[in-house]
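In what follows, a single structure is set out as structure tokens and then discussed.
The values are calculated or read from the model by the stated rules, or taken from the named source; none is laboratory data. It should be emphasised that the depicted structure is a prediction, and the values quoted were computed from it without experimental measurement. In this analysis, Cβ positions are derived from the backbone assuming ideal geometry, glycine residues included, and neighbour counts consider all displayed protein chains.
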Amino acid sequence: MTNITAILKKEFRSYFNSPIAYIFITFFLGISSWLFFRGFFIQNQAEMRGFFGLMPWIFLFFIPAVTMKLWAEEKKIGTIEILMTLPIRDYEVVLGKFLASFALLAVSVLLSLVLTCSVVYLGDPDGGTLVAGYIGLLLMGGAYLAIGLFASTLTENQIIAFILGISTCFVLLIIGEDFVLFNAPNWLFPIFSYLGLGAHYSSILRGVLDSRDIIYYLSMIGFFLYLSTLAVESRKWR
Amino acid sequence: MIEVRELTKSYGPTVAVNKVSFEAHAGEVLGFLGPNGAGKTTTMRILTCYLSADAGSATVAGYDIFEDSVEIRKRIGYLPESAPLYTDMGVIEYLNFMTQVRHIPKSERKERIRAVIDTCGLEDVIQKDIGELSKGYRQRLGLAQSLIHDPPILILDEPTSGLDPSQIIEIRNLIRDIGQEKLVLFSTHILSEVSATCSRILIINNGEIVANGTPEELASQAEGEEIVHIAIRGSQEAIEAALNELEFVSQWTHVETTDGIVVYQVNAPQDSNAAEALFHVVVKNGWSLTELRQESVDLEDVFLNLTDKE
């Protein structure tokens with residue numbers, strides 16, 4: 001556990017040592033506010049639907065940018081060689097890095113609570129839906145992060161890691177969208193609709209925290225973190 | 001402390017390390033010498049459990065590299081080639097991170113960081129970010145990182161590359177000091193480095209160990225010749241006639257003639273005191289001696305002999 005916390009702290013601080021964290025938070029809040037105030041002024045509605053609804057697509061571009069450096073940079077500059085010869089198990093490093101990126105995401109999402117506060121102040125939103133929305137956002141974000149992290153373990157080039165992360169997330173996102181589902185063969189329909197990254201989020205957004213949706217995101221996170229650990233270990237395969 | 005048996009590792013069709021076997025014990029400074037791409041780094045990566053070998057076995061500090069890699073990693077300090085460090089961290093921040101992942105108790109952390117800062121001469125840069133450090137300081141910080149948990153085994157991959165001559169001497173002295181009680185294994189392709197620092201040398205070429213011994217042992221393996229450079233002001237024919245007459249001279253070559261000074265390279269068997277004898281010849285003939293320099297056959301020749309076979 002001390003290993004995981006040490007890696008987590010180091011990676012989290014490294015986000016703030018470089019401009020990444022500030023850029024990420026600024027843009028994330030900027031876009032969120034825009035999505036929010038668009039509806040706020042034009043439709044004269046104080047609600048968060050526009051904000052939550054577009055998040056799967058915004059995460060698609062933002063999250064791989066957060067994770068792309070986590071392994072690719074270590075490989076590029078060679079620090080991985082010191083890191084992996086420390087008395088730490090590979091999965092502890094993977095977990096530490098994942099939690100660090102999750103912490104950054106959580107900070108950004110927390111900061112966007114300012115918007116929620118104004119909604120609560122100005123209108124009368126359903127509290128349950130809001131809480132569910134935020135939980136869904138974090139769960140879905142976690143899945144994106146795990147996918148991005150896995151992409152980063154595969155290459156030493158950050159741009160490749162970024163594009164690989166976006167493409168994997170994109171594929172997993174659109175297979176759950178209606179236009180793909182209705183064109184897919186019948187036997188694929190249940191698989192696609194279950195695997196789609198966005199579908200479970202939408203059902204959480206309706207204000208129902210179904211354990212199936214939570215299990216889906218947790219297992220997506222677990223699966224991609226497991227793949228990341230395998231990819232990191234693959235240097236030792238014979 | 002390190003026992004290696006027939007270690008083999010290939011990258012695709014290229015065999016990087018081929019049946020390497022050796023032993024090393026505490027109190028030794030073991031120099032890994034070889035041309036670039038000989039397999040030094042790969043061997044070190046296997047011993048530090050960064051990579052795994054295809055065949056063979058090795059134990060480090062009594063633990064098997066395949067079974068107990070975490071136990072091994074607790075007991076070694078490793079400085080990879082060109083000292084890769086997190087450039088966005090501060091020097092102290094980095095060392096502090098290392099004390100955490102090395103499980104140094106909180107109460108001792110300050111003390112250990114202080115100690116490595118002193119040993120590695122980092123005092124002047126503790127306020128800086130690693131990204132601002134010069135190559136020499138990065139190398140030192142890399143070394144500091146490998147020493148922070150006071151490991152019994154230290155593995156250093158080209159620790160002096162990129163340093164200026166005075167820094168090289170500092171690092172060499174440091175390695176020698178550490179090697180008094182611990183095992184230091186370090187690689188280099190610079191010959192003078194091993195003879196200056198190591199108690200034992202392993203010469204590795206094309207993934208195989210071609211020589212293993214103390215610097216003196218290896219030097220005496222080379223044909224046992226001494227070479228004398230001599231520059232004389234005098235008549236070339238007379239000098240050459242005199243050289244031909246000398247019994248101990250096994251071979252001589254004319255190097256150059258400038259402004260009436262003739263320069264020769266004279267080969268003679270070891271312990272024949274060739275330089276002294278040549279001096280007497282020069283004096284007897286009334287020539288004047290402008291240079292006399294003896295070069296014993298050294299590691300360089302051993303190295304070239306062993307690594308040039310193909």
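Listing for the model above:
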quantity: The lone exception for residue A:82 - which of (1) hydrophobic (A, V, I, L, M, F, W, C); (2) exposed (fewer than 15 other Cβ atoms within 10 Å of the Cβ); (3) in contact with a strand residue (DSSP E or B) (Cβ under 8 Å, 6 or more places away or on another chain) it fails; calculated: (2)
quantity: Condition met for residue A:115 (over 15 Å from the mean Cα position of the chain (by Cα) and modelled with pLDDT under 90); calculated: yes
quantity: Some residue of segment B:134-150 being more than 21 Å from residue A:90 (Cα to Cα), crowded, with 20+ Cβ neighbours inside 10 Å, away from every other protein chain (no Cβ under 12 Å) and charged (D, E, K, R); calculated: yes
quantity: Answer from B:171, B:203 - the residue that is surrounded by 19 or more Cβ atoms within 10 Å (Cβ to Cβ) and without any contact (Cβ under 8 Å) to a residue 40 or more places away in the chain; calculated: B:171
quantity: Check on residue B:218, modelled with pLDDT under 85, among the hydrophobic types (A, V, I, L, M, F, W, C) and either crowded, with 16+ Cβ neighbours inside 10 Å or in the same structural domain as residue B:288 (by TED's automatic domain parsing) (or both); calculated: yes
quantity: Total residues in segment B:174-196, condition touching a strand residue (DSSP E or B) at 6+ places or on another chain (Cβ under 6 Å) and assigned to a helix (DSSP H, G or I); calculated: 3
quantity: Residue tally, condition exposed (fewer than 13 other Cβ atoms within 10 Å of the Cβ) and part of a strand (DSSP E or B), over segment B:221-252; calculated: 1
quantity: Selection status of residue B:33, touching a residue at least 24 places away in the same chain (Cβ under 8 Å) and away from every other protein chain (no Cβ under 11 Å); calculated: yes
quantity: Positions within segment B:54-88 being at the interface with chain A (Cβ under 10 Å from one of its Cβ atoms), among the small types (Gly, Ala, Ser) and farther than 28 Å from residue A:70 by Cβ, in sequence order; calculated: B:55
quantity: Members of segment A:210-238 that are more than 24 Å from residue A:98 (Cα to Cα) and either acidic (Asp, Glu) or away from chain B (no Cβ under 14 Å) (or both); calculated: A:210
quantity: Enumerated helices (runs of 4 or more DSSP H) restricted to segment A:57-135, each holding at least 3 residues that are touching a Leu at 6+ places or on another chain (Cβ under 9 Å) and more than 12 Å from chain B (Cβ to nearest Cβ); calculated: A:90-111, A:113-122
quantity: Breaking point among (1) surrounded by fewer than 18 Cβ atoms within 10 Å (Cβ to Cβ); (2) hydroxyl-bearing (Ser, Thr, Tyr); (3) within 11 Å of another protein chain (Cβ to nearest Cβ); (4) in contact with a Leu (Cβ under 9 Å, 6 or more places away or on another chain), for residue B:21; calculated: (3)
quantity: So residue B:81, is it assigned to a loop (DSSP other than H, G, I, E, B), under 23 Å from residue B:42 (Cα atoms) and assigned by TED's automatic domain parsing to the domain that holds residue B:26; calculated: yes
quantity: The one condition in (1) buried (at least 18 other Cβ atoms within 10 Å of the Cβ); (2) modelled with pLDDT under 90 that residue B:176 fails to fulfil; calculated: (1)
quantity: Pairs, first assigned to a strand (DSSP E or B) in segment B:281-310, second polar (S, T, N, Q) and modelled with pLDDT under 75, C-beta under 9 Å, six or more apart; calculated: B:296/B:270
quantity: Segment A:125-172, residues that are of a type in the set (Ser, Thr, Tyr) and over 29 Å from residue A:115 (Cα atoms); calculated: A:152, A:153, A:155, A:167, A:168
quantity: Filter result (facing chain A (nearest Cβ under 8 Å) and not β-branched (Val, Ile, Thr)) within segment B:37-52; calculated: B:45, B:49, B:50, B:51, B:52
quantity: Selection within segment B:101-133 - in a helix (DSSP H, G or I), buried (at least 19 other Cβ atoms within 10 Å of the Cβ) and within 14 Å of chain A (Cβ to nearest Cβ); calculated: B:101, B:130
quantity: Breaking point among (1) of a type outside the set (S, T, N, Q); (2) on the phi < 0 side of the Ramachandran plot; (3) outside any strand (DSSP E or B); (4) away from chain A (no Cβ under 11 Å), for residue B:4; calculated: (3)
quantity: Residue ranges of helices (runs of 4 or more DSSP H) in segment A:140-238 with at least 1 members under 30 Å from residue B:55 (Cβ atoms) and free of Cβ contacts under 8 Å to residues at least 12 places away in the same chain; calculated: A:211-233
quantity: Within segment B:25-52, considering residues that are modelled with pLDDT of 90 or more and of a type in the set (A, V, I, L, M), the one farthest from residue B:302 (Cα to Cα); calculated: B:51
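To keep it simple, each residue is scored yes or no on (1) modelled with pLDDT under 80; (2) surrounded by fewer than 13 Cβ atoms within 10 Å (Cβ to Cβ).
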site	(1), (2)
B:254	no, no
B:257	no, yes
B:261	no, no
B:264	no, no
B:278	no, no
B:301	yes, no
B:306	yes, no
